[in-house]
Each structure stands twice: as structure tokens, then as C-alpha cells.
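The values are calculated or read from the model by the stated rules, or taken from the named source; none is laboratory data. The structure displayed is predicted, hence computed values, not measured ones. Glycine also receives a Cβ, built like all others from the backbone with ideal geometry; neighbour counts cover every protein chain displayed.
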């Protein structure tokens, strides 16, 4: 599974941090989402999914991949 955070959409609500604080944090300057881990363990998958669902500005894009043995998180500050 691949999760991309589209930071240009982020409104700094902090919902992702509340749901998955071991995976996400916020920049001190403006509160925009940042990753603490690009490859969290699969044990974190449920918390990451909760963070994705809780985001009020729909910052996250989840993509299913053939390789289900890895969870990958990336940042994209460009419009998609």
C-alpha cells in the first residue's frame, strides 16, 4: 500500500497526528503534515487508514499495490 500526502491541500488540522502520531507530525512553522516514517511497519496500517479517513481536507491518496508486504508513505507538494 502506498499513501501520498498532498501537502498543498493540508489545512493543519492535526487529525492525522492524533490518529497516527508515530507516523505523522506537523511542521512547526505552519502545521502542515510531515512524515516521521516513510516505511512504517504494517502494524501501523490501521492507524494510517484512520488518519486518512479523519483528514478534513482529504490530503491523503491511498493506492493499493501488488506487494502487500510493505506500507510506503510519500509527500507530494504538487497539485494532482
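For the stretch 28-58, how many residues meet the condition of being touching a helix residue (DSSP H, G or I) at 6+ places or on another chain (Cβ under 9 Å), over 13 Å from residue 1 (Cβ atoms) and in a loop (DSSP other than H, G, I, E, B)?
6
Restricting the search to the stretch 6-27, which residues are within 16 Å of residue 62 (Cα to Cα), in contact with a helix residue (DSSP H, G or I) (Cβ under 8 Å, 6 or more places away or on another chain) and outside any helix (DSSP H, G or I)?
Across the stretch 6-27, the qualifying residues are 20, 23, 24.
Surrounded by fewer than 19 Cβ atoms within 10 Å (Cβ to Cβ), out of contact with any strand residue (DSSP E or B) (no Cβ under 9 Å at 6 or more places or on another chain) and at pLDDT 90 or above: does that describe residue 41?
no
Has the stretch 61-78 got any residue that is crowded, with 17+ Cβ neighbours inside 10 Å and without any contact (Cβ under 8 Å) to a residue 40 or more places away in the chain?
No, every residue in the stretch 61-78 fails to be crowded, with 17+ Cβ neighbours inside 10 Å and without any contact (Cβ under 8 Å) to a residue 40 or more places away in the chain.
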